[in-house]
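**Student:** First, the structure itself, so that you have it in front of you.
The values are calculated or read from the model by the stated rules, or taken from the named source; none is laboratory data. Everything quoted here is computed from the prediction, not taken from an experiment. Here the Cβ is made from the backbone with ideal geometry for all residues, glycine too, and neighbour counts use every protein chain on show.
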Amino acid sequence: QKEVEQDPGPLSVPEGAIVSLNCTYSNSAFQYFMWYRQYSRKGPELLMYTYSSGNKEDGRFTAQVDKSSKYISLFIRDSQPSDSATYLCAMRRNAGNMLTFGGGTRLMVKP
Amino acid sequence: ETGVTQSPTHLIKTRGQQVTLRCSSQSGHNTVSWYQQALGQGPQFIFQYYREEENGRGNFPPRFSGLQFPNYSSELNVNALELDDSALYLCASSLDRGQENEQFFGPGTRLTVL
């Protein structure tokens, strides 16, 4: 079993929809949680960075962390075709800098 | 502010050869991490360098090695290439500020081993 599980998709939604992306994890030592967006043949771009449980909002993006359930989510409001990409969740322990990634969810937003 | 850059963009090698990939960290960052991303997978941590010393290593064999230079740029060397080494190699830089150290990725080097 992988430490971080993520549905690979693809997830196809119409423009303007609310998108929900999720990851589950098994290691309770993870304290820092990130979401990256990766366009085809490009490097990952950091979208959201959160510490421990709770919510964080940045524009159209909201990240949620539920450590008791070992579950993190990224919500995208008013989705746009330009949001079409692969979304990677990543997390790390309190000590050290190694990021553990999920496999990524491919999102397609159709005009 | 200059972002993370990597060279070359693409590379084709044959099995058994050696390869060197290069990374320039973002201005002001002192830590470089390397990841391997196979097609359709998430990145896998290879190792990290902080102040020219290896500072953590993932589950990769010794034929994967690296260097960090005084200007914080870095190299990833892979010896005795295998077909499974074909992947996107990503470099990420960060500023070690204790617990707060977001990693910012470069565009990657796509390595194909034939």
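**Student:** From A:Lys42, A:Lys70, A:Lys2, A:Lys56, which residue is at positive phi and surrounded by 13 or more Cβ atoms within 10 Å (Cβ to Cβ)?
**Tutor:** Result: A:Lys70 is the single residue among A:Lys42, A:Lys70, A:Lys2, A:Lys56 that is at positive phi and surrounded by 13 or more Cβ atoms within 10 Å (Cβ to Cβ).
**Student:** Hey, another quick one. Of the numbered conditions (1) at pLDDT 95 or above; (2) of a type in the set (D, E, K, R); (3) in contact with an Asp or Glu (Cβ under 9 Å, 6 or more places away or on another chain), B:Arg51 satisfies every one except a single condition; which is it?
**Tutor:** So B:Arg51 meets the others, but not (1).
**Student:** Just name the residue that is nearest to A:Gln31 (Cα to Cα) out of those in the stretch A:71-111 that are over 14 Å from the mean Cα position of the chain (by Cα) and small (Gly, Ala, Ser).
**Tutor:** Residue satisfying both the conditions and the ranking: A:Ala95.
**Student:** Quick check on my filter: what residues within the stretch A:8-26 are acidic (Asp, Glu) and within 14 Å of the chain's Cα centre (by Cα)?
**Tutor:** none
**Student:** Mind checking which pairs have a first residue in the stretch A:26-45 that is without any contact (Cβ under 8 Å) to a residue 40 or more places away in the chain and a second that is assigned to a loop (DSSP other than H, G, I, E, B), Cβ under 7 Å, 6 or more apart or different chains?
**Tutor:** Filtered contacts from the stretch A:26-45: A:Lys42/B:Pro107; A:Gly43/B:Gly106; A:Gly43/B:Pro107; A:Gly43/B:Gly108.
**Student:** With the structure loaded, tell me whether A:Tyr49 is crowded, with 17+ Cβ neighbours inside 10 Å, aromatic (Phe, Trp, Tyr) and within 11 Å of the chain's Cα centre (by Cα) or whether it fails that test.
**Tutor:** Details: crowded, with 17+ Cβ neighbours inside 10 Å: yes; aromatic (Phe, Trp, Tyr): yes; within 11 Å of the chain's Cα centre (by Cα): yes.
Yes.
**Student:** Here is a follow-up. Strands (runs of 3 or more DSSP E) wholly in the stretch B:1-112 with at least 3 residues that are hydroxyl-bearing (Ser, Thr, Tyr), at the interface with another protein chain (Cβ under 9 Å from one of its Cβ atoms) and crowded, with 20+ Cβ neighbours inside 10 Å - which ones?
**Tutor:** Filter on the stretch B:1-112 gives B:31-37.
**Student:** If a residue must be part of a strand (DSSP E or B) and within 14 Å of chain B (Cβ to nearest Cβ), how many such residues does the stretch A:25-60 contain?
**Tutor:** Matching residues across the stretch A:25-60 total 19.
**Student:** Being free of Cβ contacts under 8 Å to residues at least 24 places away in the same chain and either among the charged types (D, E, K, R) or farther than 25 Å from B:Gly16 by Cβ (or both) is the filter here; which residues of the stretch B:52-70 pass it?
**Tutor:** Matches in the stretch B:52-70: B:Glu52, B:Glu53, B:Glu54, B:Gly56, B:Arg57, B:Arg63, B:Phe69, B:Pro70.
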